[in-house]
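*Asks:* Have a look at this one.
Rule-based calculations on the coordinates, nothing more; no lab input. Computed from a predicted structure; not experimentally measured. With ideal geometry, Cβ positions are generated from the backbone for all residues, glycine too; neighbour counts draw on all protein chains shown.
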Amino acid sequence: MRQENIYLDKKVVELYGLSRIIPDTILREYCAQIVSQTSPKSLCDIGFGKGSTLIPFSEYLDIDVYGIDSSEEMSKAVYGELSRRELKATIITGDAHLLPSFLNPLDLIHTKAVTHIPSNPFNFLSCISESVKNNGYLVIGREDSQPEDNLENIGKYGLNNSEDPILKEFYRTYFQMREEDGKPFIRPDMPAGDYDNAVKYLIEKGFVFETEISTPFWNKEITLNEIIESIRNGTFTVFRQGCTPRDMEQHAELMKNYCLNNEYSLHETRSYPARLKATILKKSGELKQ
């Protein structure tokens, strides 16, 4: 099933920050652990989004840093932020499947929360793995929390009833409403927050498990009103997939009424724990086709 790349939409890029804000200290810790384990001289961040990992990678002046993203709007935003911070990275706006034609093999390829977008995530992983040097590394990262992009796996990585039963019930009601509306969310082969299948595939292809890294936890914060506005604007794949703008408007109003009918505060800050994790895989010899 083909997923829409919502980040080609300028409005989505402008509203990208909803619940995606990760503290700089966490991002630097995440990148530092990866660099410490792999000692790369060159790396490429695939699907860099707003540059959450590309920018801290760029702080390592002894590493040639590249980034590729299919969204011109994202590329513009990150280029501007790099310039503002007086950092350098080579930005490529294009299809990551074609990475081997853009760059010579690199010491390290990093990707996080991207595998839900390609129509064939296995082919995507196969293509980007060609850009890893022999004895180089492919790093698959994820946010171990309750990311809105991965709500089809609600409960798998957290958000137990003891944490926030209202938030959990809100999402369950949303998915039930989508089913009843005939607009169900169809689970992608490789959801954004679930990298187990990606790691398994790459190991079967010939990569060797090196290690797993993890950052400390931090608290993500969001309000029900922010989620409702995200539903209205389709700023997450899970809210937009298979829906027209009119559908999203109706879904937002239904969820707003649901909250009001249950006397849930729309503006109270709700929080849940999150951390970044990544599996580091080493390329040793020829990969299986």
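*Asks:* Could you work out how much longer the chain between Glu180 and Asn134 gets when fully extended? Use 0.36 nm per residue separation minus the Cα distance between them, nm to one decimal.
*Replies:* 11.5 nm is the gain from fully extending Glu180 to Asn134.
*Asks:* Sorting Leu43, Leu27, Leu260 on the 10 Å Cβ count, fewest up front, what's the list?
*Replies:* Ranked by crowding around the Cβ, least crowded first: Leu260, Leu27, Leu43.
*Asks:* For Thr244 and Asn104 in the same chain, what is the full-extension length gain: residue separation times 0.36 nm, less their Cα-Cα distance, in nm?
*Replies:* Length gained between Thr244 and Asn104: 46.3 nm.
*Asks:* Amide H of Ser284: which non-local residues (sequence gap of 5 or more, or other chain) have their own amide H closer than 5 Å, using H built in the peptide plane?
*Replies:* Under 5 Å from the amide H of Ser284: Asn135, Val208.
*Asks:* What do the square roots of 5 times the Cα gyration tensor eigenvalues come to for the stretch 6-283, in whole Å, largest first, as semi-axes of the equivalent ellipsoid?
*Replies:* That gives 33, 19, 19 Å for the three semi-axes.
*Asks:* What ranking do Tyr66, Tyr79, Tyr171 get, fewest neighbouring Cβ atoms within 10 angstrom at the top?
*Replies:* Tyr79, Tyr171, Tyr66
*Asks:* Set the bar at 27 Å for Cα to Cα. Now go through Lys183/Lys205; Lys205/Lys277; Lys41/Lys205; Lys168/Lys200; Lys168/Lys256 and name every pair that lies beyond it.
*Replies:* Too far apart for the 27 Å limit: Lys183/Lys205; Lys168/Lys200.
*Asks:* May I pose another question? I need the calculated FRET efficiency for the pair Gln289 and Asp95, taking r as the beta carbon distance and R₀ as 22 Å, to the nearest 0.05.
*Replies:* Result of the calculation: an efficiency of 0.60.
*Asks:* Continuing with the same structure: How much length would be gained if the chain were fully extended between Phe122 and Asn225, taking 0.36 nm per residue of separation minus their Cα-Cα distance, in nm to one decimal?
*Replies:* Difference between extended and current length: 33.5 nm.
*Asks:* Modelling each spin label as a point 7 Å along the Cα-to-Cβ direction, I'd like the Phe217/Asn262 distance in nm, to one decimal.
*Replies:* Inter-label distance under the simple model: 2.3 nm.
*Asks:* Additional query: Take each of the peptides 107-114, 215-222, 229-236, average the number of other beta-carbon atoms within 10 Å over its residues, and list them starting from the highest.
*Replies:* The packing order, highest mean first, is 107-114, 229-236, 215-222.
*Asks:* Here's another thing I want to ask about it. Going by how many other beta carbons lie within 10 Å of each one, how would you line up Phe57, Phe185, Phe124, fewest first?
*Replies:* Phe185, Phe124, Phe57
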